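Here the structure is laid out as structure tokens; the discussion comes afterwards.
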Amino acid sequence: MPERIAVVEKIMGANERLAAQNRRQLDEAGVIAINLMASPGAGKTSLIEHTVKALRGAYDIAVIDGDVASGIDAARAAEAGARAVQINTGGECHLDAVMVQEGLEQIDLERVDLLIIENVGNLICPAAFPLGAHKNILIASIPEGADKPYKYPGMYKGVDALVINKVDLMPYVDFDMAYFQRGVEALNPGLLTFPVSCKTGEGLLAWQTWLETLLS
Amino acid sequence: MHELPVTQALLDLVVERAAAAQAARVTDIYIEIGQLASYVDESVQFYWDIISGGTAAEGANLHFQRIPLSIQCTACGRSFQPDGRTFDCPDCGSERVRVRSGEEFQLVGLDVERAAQPRTVEV
């Protein structure tokens, strides 16, 4: 007769333990890491370019770029002035803690202040795979529509800050900001939010200032 | 499509727990999946059938218990499951609500067989 063993254990515990190990490695080297997540086209790479250009004078910045294929994003980050490492996930729809660990091995962390991890463009999977970053940040964008918190609640629930990109498109797109923010507030009360436009530069100073506070 | 690494994590955990319990075979596995966890049962099962081969958990039945997204209104206290369009309280209309459950993704039980006992075989 089979017998029942009661276990209550998180199935993703192994990834979480590795993420904690990544965090220790970052802390020992004095590196602050942020994990940028968003749907494809929301503006992850554009935000990284702006951030690197704004902060590179004062800080050493590294970027780990996760993509299914291609090195386009890492090339853009490098051009902006960061040390960039591309990780091609080979079809995997998210970065996990192991891939980030491999990325960390390619970076001289002692020479880095800020590590930006650009996750694979996806609003579902990255939420399930903590990487060890100090802050998990979601970039939403106006053309995606205001219903995304209701459709991808797992992603909105788990982040530490929200960037709303492409606010310059508000006049041209039906985006119910109050409806969007009600959904966000229900899932993640008091979530720190930065409305920005990577095109016009609007709002980016507040974002930069917040990062500088994390780095100080 | 992230079910493959998730299923691998499940298999690793089950095999580890089965070995710790000195089980010869795992027959049934009980899993709680919250609605926010975004995993598809059929997809986990699909990968399971492929990757569990040759382990102590080969062919085990996976039992999924779905935990719906449950939201509680902080104004009137009512708990409800949102209709997918809004999270506002259906009773009092308040938008001051909190998520109560739906993030779970955990292994909650295993049925195992201990090392095979000698038994009489009728011929």
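With each label point set 7 Å from Cα along the Cα-Cβ vector, what nm distance links B:Ser94 and B:Gln65?
2.9
How well do other chains shield peptide B:9-20, expressed as the mean number of their Cβ atoms within 10 Å of each residue Cβ?
Mean inter-chain Cβ contacts per residue within 10 Å come to 3.
In which sequence would B:Phe80, B:Phe87 go, from the one with the fewest C-beta neighbours within 10 Å to the one with the most?
By the 10 Å Cβ count, ascending, the order reads B:Phe80, B:Phe87.
For segment A:112-183 and segment B:55-102, write down the distance between their C-alpha centroids in whole Å.
Value for the Cα centre distance between the two parts: 21 Å.
Mind sorting B:Asp88, A:Asp96, A:Asp160 by how few other Cβ atoms lie within 10 Å of their own Cβ, fewest first?
A:Asp160, B:Asp88, A:Asp96
Among rounded, prolate and oblate, which fits segment A:149-216 when a ≥ b ≥ c are the square roots of the eigenvalues of its C-alpha gyration tensor, a/c under 1.5 means rounded, and a/b larger than b/c means prolate?
Since a/c reaches 1.5 but b/c is at least a/b, the shape of segment A:149-216 is classed as oblate.
Excluding same-chain residues fewer than 8 positions from A:Lys44, which lysines have a Cα within less than 29 Å of its Cα?
Counting by Cα, and skipping residues close in sequence, A:Lys44 has these lysines nearby: A:Lys53, A:Lys135, A:Lys148, A:Lys151, A:Lys157, A:Lys166, A:Lys199.
Taking Cα atoms, how many degrees apart are the long axis of helix B:41-51 and the longest axis of chain B, rounded to 10 and kept between 0 and 90?
Taking Cα atoms only, the helix is inclined about 30 degrees.
Please compute the modelled spin-label separation between A:Asp174 and B:Leu4, points set 7 Å along Cα→Cβ, answer in nm with one decimal.
4.0
Every number in this text was worked out from the coordinates using simple rules, so none of it is lab data. Everything numeric here is computed off the predicted structure, so don't read it as measured data. Counting neighbours? That spans all protein chains shown, and the Cβs are built from the backbone with ideal geometry, glycine included.
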